[in-house]
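Only one structure is covered here, and it is reproduced in the block below.
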Amino acid sequence: MSIVIRGGTVTNADRQFRADVVIAGEKIHAVAPDAEAPAGARVIDASGAFVIPGGIDPHTHMELPFMGTVASEDFFSGTSAGVAGGTTMIIDFVIPAPQESLLGAYKKWRGWAEKAAADYSFHVAVTWWDDSVKADMGTLTQQHGVNSFKHFMAYKNAIMVDDDVLISSFMRARELGALCTVHAENGELVFRLQQEVFNKGITGPEGHPLSRPPEVEGEAANRAIRIAEVLGVPLYVVHTSCIDAMEAIARARSEGQRVFGEVLAQHLVIDDSVYQNTDWDKAAAHVMSPPFRSKEHQAALWKGLQGGVLHTTATDHCCFCTPQKRAGFGDFRKIPNGTGGIEDRMSVLWHHGVGQGRLTPSEFVAITSTNTAKIFNLHPRKGVIAPGSDADVVIWDPTKTRTISVKTHHQNVDTNIYEGMSVTGNAAVTISRGKVVWENNQLKTEKGAGKYIDRPCFPDYWTAQERRNAATAPTGVKR
Ligand code: URP
Ligand code: ZN
Ligand code: ZN
């Protein structure tokens, strides 16, 4: 089936121009003014709209087993909700339990993801260390298209790694040419602060941010960055939520270090007052890590995004329904950590970014798809409207308004952290590898239509890093 999108403004990260987009099968065939329509093609009118690459969310947790329960959104419902909001690809996380084989966990997640409605790929978490983990990292990169490994510096007694594991894994990633990513919070400090806060009698969700102040994130981000610097590996810091972590990234970058920062849409627009809500369920619905921060941090995050310290936007989509959150009633430490938002990321960022004059449409594309595609080696297959790229295309209507609500969203969770927020700028039509999956406010997704996308390692990235590292390596004194 061919599709021709006529009359829109094609908007890539580098430029905007008037052109028609011809889709043949799963690929973009042509991008040209007044392009000829193949016989039998469906013509979609995009006048007044932007034609943009489908969003890529580099940080989701569909059906994640976590904190004694399982995230409520599965790969089908989650990717369906994503396309309703203009996101056509996710990079989810395989998170093996300590002592579990990385390869075994990867295969388990691949099985769960077979029902995905849109394309997906996986980061794999290193949660422990021995020779089998080292070997599995090799197999995953060389045979399974995994080029990024995740390290949780928090969640003590669960999936947290210490510096020993972090260093072992970073060194192995250096051998393989893979990208290391970190959840940066000092888990030992969080553990102690949680005890202190709880022992003071603060047992509700308001205790959560008190046990995870910005300094805890800043310390871990800086530690991971400095370890990465010494070892000469690039680093990607997930869900950067505060000035402290952002300053560590900015300083490293100003010294020439290759460090990337991710920010969540929710950290840009929701502040920490949510934890003061006297309705326990509403406050608990916002328990995630790192927690929501004060407005001062939010303003700084926007500047980081505008100024190039932060590169990608994500959701950390990890949904738990109210009965699941209630496992922590009387003890905030047991509230499953996570919030949703895959459906809303693009429109929230357009409304508060482009709509408020903070971002241009091309910058919006850069931070919602292109930068992620480049950092994780998906570009130009994804993240650009160009001949030969996958036909993941969104007709973005800058005038379409929606009030976000749990009553109308497609996410499989009984709360919405953006409840009541009105956003102008929404996906009118979403096309996933050549198939219309969202139009007229209706989903047309199919279980299993999503494909696993390989992400090979980046040899070129690494040659430069390693050359620099070798040049500064200690040489010893000749006597
Ligand atoms: O609270 C969060 N973010 N839950 C998901 C796991 C993680 O830390 O990314
Ligand atoms: Zn995290
Ligand atoms: Zn996460």
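The values are calculated or read from the model by the stated rules, or taken from the named source; none is laboratory data. Computed from a predicted model, the values in this text were never measured in an experiment. A quick note on method: Cβ atoms are made from the backbone with ideal geometry, for glycine too, and the neighbour counts reach across all protein chains shown. Calculation scope for accessible area: heavy atoms of the full protein, side chains included, ligands and nucleic acids excluded. Shrake-Rupley method; radii C 1.70, N 1.55, O 1.52, S 1.80 Å.
If you check Ala228, Ala250, Ala265, which single one turns out to be of a type outside the set (Ser, Thr, Tyr), at negative phi, within 16 Å of ligand 1 (Cβ to nearest atom) and at pLDDT 95 or above?
Ala265
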Touching a strand residue (DSSP E or B) at 6+ places or on another chain (Cβ under 6 Å), within 30 Å of Pro398 (Cα to Cα), more than 16 Å from ligand 1 (Cβ to nearest atom) and not aromatic (Phe, Trp, Tyr): which single residue out of Gly54, Gly82 fits that description? Gly54
Provide a single number: the residues in the range 328-343 that are within 16 Å of ligand 3 (Cβ to nearest atom), in a loop (DSSP other than H, G, I, E, B) and not hydrophobic (A, V, I, L, M, F, W, C). 5
In the range 208-230, what residues are open to solvent by 50 Å² or more (accessible area, probe 1.4 Å), under 18 Å from Leu166 (Cα atoms) and not basic (Lys, Arg)? Glu219, Glu229, Val230
Of the conditions (1) more than 21 Å from the chain's Cα centre (by Cα); (2) surrounded by 18 or more Cβ atoms within 10 Å (Cβ to Cβ); (3) in contact (Cβ under 8 Å) with a residue 40 or more places away in the chain, Pro234 clears all except one; give me its number. (1)
Within the range 95-119, restricting to residues that are among the aromatic types (Phe, Trp, Tyr) and open to solvent by less than 10 Å² (accessible area, probe 1.4 Å), the one that is nearest to Leu64 (Cα to Cα) is Trp109
Subset of the range 414-462 that is within 24 Å of Phe76 (Cβ to Cβ) and aromatic (Phe, Trp, Tyr) - its residue that is most open to solvent (accessible area, probe 1.4 Å): Tyr452
Residues that are assigned to a strand (DSSP E or B), within 16 Å of ligand 2 (Cβ to nearest atom) and touching a helix residue (DSSP H, G or I) at 6+ places or on another chain (Cβ under 9 Å): does the range 49-59 have at least one? yes
Find all pairs meeting these conditions: Cβ atoms under 7 angstrom apart; at least six residues apart or on different chains; first residue within the range 334-346 and away from ligand 1 (no atom under 15 Å from the Cβ); second residue open to solvent by less than 10 Å² (accessible area, probe 1.4 Å) and among the hydroxyl-bearing types (Ser, Thr, Tyr). Asp344/Tyr418; Met346/Thr87; Met346/Thr368
For the range 156-165, state whether one or more residues are within 21 Å of Ser241 (Cβ to Cβ), basic (Lys, Arg), within 16 Å of ligand 2 (Cβ to nearest atom) and modelled with pLDDT of 95 or more. yes
Identify the single condition in (1) away from ligand 2 (no atom under 16 Å from the Cβ); (2) among the hydrophobic types (A, V, I, L, M, F, W, C); (3) in contact with a helix residue (DSSP H, G or I) (Cβ under 8 Å, 6 or more places away or on another chain); (4) within 22 Å of Leu443 (Cα to Cα) that Ile342 does not satisfy, given that it satisfies every other one. (1)
Looking at the range 299-318, which of its residues are open to solvent by 10 Å² or more (accessible area, probe 1.4 Å) and within 16 Å of ligand 2 (Cβ to nearest atom)? Asp316
Whether any residue in the range 98-107 is within 16 Å of ligand 1 (Cβ to nearest atom) and of a type in the set (Phe, Trp, Tyr) is what I want to check. no
Considering each residue of the range 384-423, count those that are assigned to a loop (DSSP other than H, G, I, E, B), under 23 Å from Ser2 (Cβ atoms) and of a type in the set (Val, Ile, Thr), and give that number. 2
What pairs come up if the first residue lies in the range 185-207 and is open to solvent by 60 Å² or more (accessible area, probe 1.4 Å) and away from ligand 2 (no atom under 16 Å from the Cβ), the second is not β-branched (Val, Ile, Thr) and not in a helix (DSSP H, G or I), and their beta carbons are under 8 Å apart, counting only those six or more places apart or on different chains? Glu188/Lys156; Glu196/Ser211
Can you tell me how many residues in the range 62-79 are within 16 Å of ligand 1 (Cβ to nearest atom), under 26 Å from Asp390 (Cα atoms) and open to solvent by 10 Å² or more (accessible area, probe 1.4 Å)? 1
Is it the case that Gln324 is in contact with a Pro (Cβ under 8 Å, 6 or more places away or on another chain), closer than 23 Å to Val406 by Cα, within 16 Å of ligand 1 (Cβ to nearest atom) and polar (S, T, N, Q)? yes
